[in-house]
Amino acid sequence: MNKDFLIGCIGCGMMGGALIKAISQKVGGNKILLSDGDVEKAKQLALEIGASVASSNDQIVKKCSHVIIAVKPAFFSSVLEQIKDSYNERFNSNEKNELPVIISIMAGFSIEKIIEMSNNAGLSGGLQKIIRLMPNLPATVSEGMIALCVEEKTSAELTEEVTFVKDILSKAGKVEQVPEKLMDAVTAISGSGPAYGFMFIEALADAAVSFGMPRNQAYIYASQTLKGAAQMVLETGDHPAKLKDAVCSPAGTTIEAVKILEQKSFKSAIIEGAEAAYKKSIELGK
């Protein structure tokens, strides 16, 4: 790992904060510089992980080798205005290889769109060396599923940077590289997917309460059951249907429940919900 790196993060909300906390466990807070529209939020996070707070977004781009853009897409235009001078100064220094690596976690924003917007905002040559991420909420408990992609034409020159980013994010959960054309699918499945899981846990817990189980205990039973089921799929590599069949004893309780879930179009409802999220992700990117 290059000892000269400094990681900046513009935006210290829930997801940006989760990733930075995980990164700090890997590289140390002294390698991190934070910025947020809410300065107190940045200060609080910096205190927690031993990082520093930048005086402005412009300072982040001036000083950092890697810049995480963790703002809501609606605020990206104003961020570009704030970082333009420092970016252009680095661009015109005749050391273009020293431009910061841009790591975007903005949902729905393709690399092409990021480049186009930065060009329109007056950044010389537009933002370059862009790595796009789609993390999810379980990164807050180090169990995230993080997709990473780069532009196909820059993939070769960013190979070392991709390896670096995967490494520093390893404490946040699983990190996998995918083609950018799959990022809308990733958004619908792992990006939005925790919400589907939370709804399943809530429903299962509600059923437990109706059978007389205390609410707090019901959440523990429902949550651990789904966590265990997911872990079995990951560790065994078996098809989920095979594992489901293993639970369904002949004329037993589980097959009765499975029969009702099939009658109620359980799987179809999940697929249709994910399709709606997928279409919305495409729409946001336009």
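The values are calculated or read from the model by the stated rules, or taken from the named source; none is laboratory data. Here the structure is a predicted model, which means the values were calculated and not measured. Cβ: placed from backbone, ideal geometry, glycine included. Neighbour counts: every protein chain shown.
Identify all residues within segment 27-57 that are in contact (Cβ under 8 Å) with a residue 24 or more places away in the chain and either outside the structural domain of LEU169 (by TED's automatic domain parsing) or of a type in the set (Ser, Thr, Tyr) (or both); write none if there are none. Answer for segment 27-57, where residues must be in contact (Cβ under 8 Å) with a residue 24 or more places away in the chain and either outside the structural domain of LEU169 (by TED's automatic domain parsing) or of a type in the set (Ser, Thr, Tyr) (or both): SER35, SER56. Determine whether GLY16 is surrounded by 17 or more Cβ atoms within 10 Å (Cβ to Cβ), at positive phi and not charged (D, E, K, R). No; evaluated as a whole, the condition is false for this residue. Just for segment 140-160: of the residues that are modelled with pLDDT of 95 or more and within 16 Å of ILE7 (Cβ to Cβ), which one is surrounded by the most Cβ atoms within 10 Å (Cβ to Cβ)? Ranking the qualifying residues of segment 140-160, first place goes to ILE146.
When ALA251, ALA269, ALA257 are screened for being of a type outside the set (Lys, Arg), modelled with pLDDT of 95 or more and outside any helix (DSSP H, G or I), only ALA251 passes.
Identify the single condition in (1) touching a strand residue (DSSP E or B) at 6+ places or on another chain (Cβ under 8 Å); (2) surrounded by fewer than 20 Cβ atoms within 10 Å (Cβ to Cβ); (3) among the polar types (S, T, N, Q) that SER104 does not satisfy, given that it satisfies every other one. Single failed check for SER104: (2).
Restricting the search to helices (runs of 4 or more DSSP H) fully inside segment 87-204 and requiring at least 2 residues that are in contact with a helix residue (DSSP H, G or I) (Cβ under 8 Å, 6 or more places away or on another chain) and aromatic (Phe, Trp, Tyr) gives an empty result.
Screening the candidates ILE60, ILE68, ILE83 for the property of being assigned by TED's automatic domain parsing to the domain that holds MET14 and not in a helix (DSSP H, G or I) yields one hit, ILE68.
Scanning segment 17-33 for residues that are closer than 21 Å to ILE146 by Cα and touching a Leu at 6+ places or on another chain (Cβ under 9 Å) turns up GLY17, ALA18, LEU19, ILE20, LYS21, ALA22, ILE23, LYS26, ILE32. For segment 19-51, filtered to residues that are of a type in the set (A, V, I, L, M) and assigned to a strand (DSSP E or B), the residue that is surrounded by the fewest Cβ atoms within 10 Å (Cβ to Cβ) is LEU33.
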